[in-house]
Each structure stands twice: as structure tokens, then as C-alpha cells.
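*Asks:* First, the structure itself, so that you have it in front of you.
The values are calculated or read from the model by the stated rules, or taken from the named source; none is laboratory data. A quick note: this is a predicted structure, and the numbers were derived from the prediction, not measured. Heads up, the Cβs are rebuilt from the backbone with ideal geometry, glycines too, and the neighbour counts pull from every protein chain shown. The protein model used for the area step is the full one, side chains on, heavy atoms only, and it has no ligands, DNA or RNA in it. Shrake-Rupley method; radii C 1.70, N 1.55, O 1.52, S 1.80 Å.
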Amino acid sequence: MELGIETSARGAAVVVAVTGDVDIQTAPQLQECFDALVAEGRSTVVVDLAGVDFLDSSALGVLIAAQRQLSDAGGELRLANPRPHVRKIFGITRLTEVIPLYDDVDAACA
């Protein structure tokens, strides 16, 4: 499955809506998106995960790297709308201790 990435401004935040599978084949595309947003000076990035069917360890690595990039630039990465099986992965890996997880995009952008 192809990875879809769409960005949109939402107040002070940028929402990155991701669809499809984020795996070793597609994770570099997501990393490129984060790199571009940091280069543009974006500080708050919300990743809308509602359309993500699957993610693997390479996807988790990209999210952690993005959090570090944004934090170093004075910003923050936020995750929103995960499907139950994706939320479970974040719980098992304890990623939510590093990156905040919200039930919806509106809450993440607030």
C-alpha cells in the first residue's frame, strides 16, 4: 500500500495526515516531510494517524527522530487519532511517554 501524506495549517500547528502503511519502505517519505517542516521553521506538528493501517519499528524511529528535531528547534510533535491497534503499539513501546497522544486532531492542535 502506498503512503499518503498531506499537510495543512491549523492555527499555530501543522497537521500531517498520514494514510496507509508506515514501514521500512515508506518511513523515509515521512522523515522527509518532517525534515521539510523543521527547515521551514514549523514548531508544532500534529500527526493525524486516523488513516494509518500499520506501522513498524522504522516508523517509530522516524517519530522519535522528528520529536527530537522539533524539540531541538523549540517545538513539539503530537500524535492524534490512532486506530486501536496503532494505539496499542504506542502503549506497548511506551512511546506516549515521549510524544503526547491525543484522541483527535482538535485536542492536539489546542
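*Asks:* Return the residues of the stretch 10-32 that are open to solvent by 20 Å² or more (accessible area, probe 1.4 Å) and at negative phi; say none if nothing qualifies. Walk me through how you get there before you give the answer.
*Replies:* Taking the stretch 10-32 as the starting set, the residues that turn out to be open to solvent by 20 Å² or more (accessible area, probe 1.4 Å) are 10-12, 17, 19, 21, 23-25, 28-29, 31-32.
Correct list: 10, 12, 17, 19, 21, 23, 24, 25, 28, 29, 31, 32.
*Asks:* With respect to residue 99, is the statement that it is surrounded by 17 or more Cβ atoms within 10 Å (Cβ to Cβ) and of a type in the set (Val, Ile, Thr) true?
*Replies:* In short, yes.
*Asks:* Same structure, new question: Across the stretch 40-90, what is the total count of residues that are open to solvent by 40 Å² or more (accessible area, probe 1.4 Å), in contact with a strand residue (DSSP E or B) (Cβ under 9 Å, 6 or more places away or on another chain) and among the small types (Gly, Ala, Ser)?
*Replies:* 3
*Asks:* Is it true that residue 36 is surrounded by 21 or more Cβ atoms within 10 Å (Cβ to Cβ), under 19 Å from residue 3 (Cβ atoms) and of a type in the set (A, V, I, L, M)?
*Replies:* Working: surrounded by 21 or more Cβ atoms within 10 Å (Cβ to Cβ): no; under 19 Å from residue 3 (Cβ atoms): yes; of a type in the set (A, V, I, L, M): yes.
So residue 36 fails the test.
*Asks:* Just give me the residues in the stretch 92-110 being over 20 Å from residue 21 (Cβ atoms) and of a type outside the set (Val, Ile, Thr), in sequence order. Spell out the reasoning first.
*Replies:* Step one: of the stretch 92-110, the residues over 20 Å from residue 21 (Cβ atoms) are 94, 96-98, 100, 102-110.
Those that are over 20 Å from residue 21 (Cβ atoms) and of a type outside the set (Val, Ile, Thr): 94, 97, 100, 102, 103, 104, 106, 107, 108, 109, 110.
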